[in-house]
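For reference, the structure is listed below as structure tokens.
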Amino acid sequence: MKRVSQAVEVESPVLQTLQRTKKQKTSFYNSTFGKSLLHSLVDWGSLPHHVVLHVFQFLPLVDRARASSVCRRWNEVFHIPDLWRKFEFELNQPSTSYLKSTHPDLIQQIIKRHADHLQYVSFKVDSSTESAEAACDILSQLVNCSIKTLGLISTAKPSFMNVSKAHFVSALTVVFVNSKSLSSIKIDDTPVDDPSLKVLVANNSDTLKLLKMSSCPHVSPAGILCVADQCHGLKELALNYFILSDELLLALSSEKHVNLEHLRIDVVSENPGQIEFHTIKKQSWYALIKHSPKVNIVMYFFLYEEEFDAFFREEIPVTHLYFGRAVSKAMLGRIGMNCPRLIELVVCANGLQPLDEELIRIAERCKNLTAMGLGECEVTCKGFIEFVKMCGGRLTQLSIMEEVLIPDNDYNLDQIHSEVSKHLGRMWFPDMMPTW
């Protein structure tokens, strides 16, 4: 008992010191901040309008509506026109998506009270036809809007492609006719057609700067030519390769057009052998470059190896290349020979043959290359270091999976980090495959 008592007596001064310190901190806090400041910290209703407005802009519609019922001041902010200039409608079915959908009652309130304020509008829908049809129904009601940007985003196919063409085109025409100031349109994977593009041009030719409509099977080269001929301010264009033609490139190169800044081309094949890809003449490509010297030509390839035959047989002024499926060693060799303007190259997969020679040729010929990404490929450590040495510090982005690199007699995986870092002039490590 004596020992226990002594222990308590030894510890008690420490406990007393801790208690005194706690009291001092509490006293200091109360004297420094006071009750009035503590009250103001939770008095959210006194926040300035512009602060609440900034916060509201980050909230989903449902949370925004709930927040508007906190106090009269927040409700006033909820109806400020600036809050409704940019809005994204989310339309999902519980059976096909885990994402929350914008409540129909709130949508009707927006259309009734804020439709004339909407300027930057997007629709995000899941794969269901019901969600896409609901988006079309909303579009049909936007008769008092002056929309500047419109985006139709499908989180999964088929979505808009399952909507009847007549329903979709009718809804889109409402926006095209009433907006008069559209500058950006992103309508990939939709049943838009040539007549609706003519309506777009008739009402928005002076303002349209960006048109993105890849995978739109009802659009023909004639429809794109109509846009190119009339929309002289067009800066960015994205389309499928199957509607790209020599005539279209020459039309974009005519004197009446401003300089195109960005041309994206999707080269896609779902079933091998069903599409025969045509070849664009070198003269047509370079007519565009002569007219728009700084244009970025971006090509996304989703082809099977046997479908590449029509591409890169002669020089092409592409700047960014992305291969989403396997691409052959021979095709990469062609790229090294015929893509002198290449800035970025991403290869998701190749095969089991080392790409040393192909990478070195690319480094030699593609003097503007600044970004490289390799996925399921093989390169010897020596060949990779030689490639990096030739490119030097201009390689601002270098993403290589560690599994790509094959140790050889000159270098192993432990040495490659320091060697590559030395030639790049910065610290570099290969990417690691997640282990989960």
If only one of 358, 315 is of a type outside the set (Lys, Arg), in contact with a Lys or Arg (Cβ under 8 Å, 6 or more places away or on another chain) and either over 28 Å from residue 410 (Cα atoms) or not in a helix (DSSP H, G or I) (or both), which one is it?
315
Taking residue 368, is it open to solvent by 30 Å² or more (accessible area, probe 1.4 Å), closer than 30 Å to residue 234 by Cβ and of a type outside the set (Asp, Glu)?
yes
Filter segment 232-246 down to the residues that are within 14 Å of residue 261 (Cα to Cα) and in a loop (DSSP other than H, G, I, E, B), then identify the one that is most open to solvent (accessible area, probe 1.4 Å).
232
Only one of 400, 362 is at negative phi, within 24 Å of the chain's Cα centre (by Cα) and β-branched (Val, Ile, Thr). Can you tell me which?
400
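Each row is one residue, and each column tells you yes or no for (1) under 19 Å from the mean Cα position of the chain (by Cα); (2) of a type in the set (A, V, I, L, M, F, W, C).
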{"residue": "154", "(1), (2)": "yes, no"}
{"residue": "161", "(1), (2)": "no, yes"}
{"residue": "179", "(1), (2)": "no, no"}
{"residue": "196", "(1), (2)": "no, no"}
{"residue": "238", "(1), (2)": "yes, yes"}
Taking segment 377-395 on its own, how many of its residues are in contact with a Ser or Thr (Cβ under 8 Å, 6 or more places away or on another chain) and in a helix (DSSP H, G or I)?
1
Scanning for something surrounded by 18 or more Cβ atoms within 10 Å (Cβ to Cβ), in contact with a Leu (Cβ under 9 Å, 6 or more places away or on another chain) and either under 26 Å from residue 396 (Cα atoms) or not hydrophobic (A, V, I, L, M, F, W, C) (or both), does segment 300-309 turn up at least one residue?
yes
Out of the residues in segment 321-331 that are open to solvent by less than 30 Å² (accessible area, probe 1.4 Å) and part of a strand (DSSP E or B), state the one that is modelled with the lowest pLDDT.
323
Given the conditions (1) more than 23 Å from residue 307 (Cβ to Cβ); (2) free of Cβ contacts under 8 Å to residues at least 12 places away in the same chain, and given that residue 367 satisfies all but one, which numbered condition is not satisfied?
(2)
Subset of segment 397-420 (residues that are open to solvent by less than 60 Å² (accessible area, probe 1.4 Å), more than 20 Å from residue 345 (Cα to Cα) and small (Gly, Ala, Ser))
none
Scanning segment 138-162 for residues that are at pLDDT 90 or above and under 15 Å from residue 93 (Cβ atoms), the one least open to solvent (accessible area, probe 1.4 Å) turns out to be 160
Candidate set from segment 48-77 (those that are aromatic (Phe, Trp, Tyr) and touching a helix residue (DSSP H, G or I) at 6+ places or on another chain (Cβ under 7 Å)); member that is surrounded by the fewest Cβ atoms within 10 Å (Cβ to Cβ):
56
Name the residue, out of 19, 109, 93, 24, that is part of a loop (DSSP other than H, G, I, E, B) and either at pLDDT below 80 or of a type in the set (Val, Ile, Thr) (or both).
93
As an exercise: evaluate residue 380 against (1) among the hydroxyl-bearing types (Ser, Thr, Tyr); (2) buried (at least 18 other Cβ atoms within 10 Å of the Cβ); (3) out of contact with any helix residue (DSSP H, G or I) (no Cβ under 6 Å at 6 or more places or on another chain) and give the number of the one condition it does not meet.
(3)
Some residue of segment 96-118 being surrounded by fewer than 20 Cβ atoms within 10 Å (Cβ to Cβ) and in contact with a Cys (Cβ under 7 Å, 6 or more places away or on another chain)
yes
Could you list all residues from segment 350-365 that are small (Gly, Ala, Ser) and open to solvent by less than 20 Å² (accessible area, probe 1.4 Å)?
363
Test: residue 267 is assigned to a strand (DSSP E or B), in contact with a Lys or Arg (Cβ under 6 Å, 6 or more places away or on another chain) and open to solvent by less than 20 Å² (accessible area, probe 1.4 Å):
no
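The values are calculated or read from the model by the stated rules, or taken from the named source; none is laboratory data. Just so it is clear, the structure is predicted and the values come from calculations on it, not from any experiment. Quick reminder, even Gly has a Cβ in these numbers, built from the backbone with ideal geometry, and neighbours come from all protein chains shown. Ligands, DNA and RNA are stripped out before the accessible areas are found, and what is left, the full protein with its side chains, is counted by its heavy atoms. Shrake-Rupley method; radii C 1.70, N 1.55, O 1.52, S 1.80 Å.
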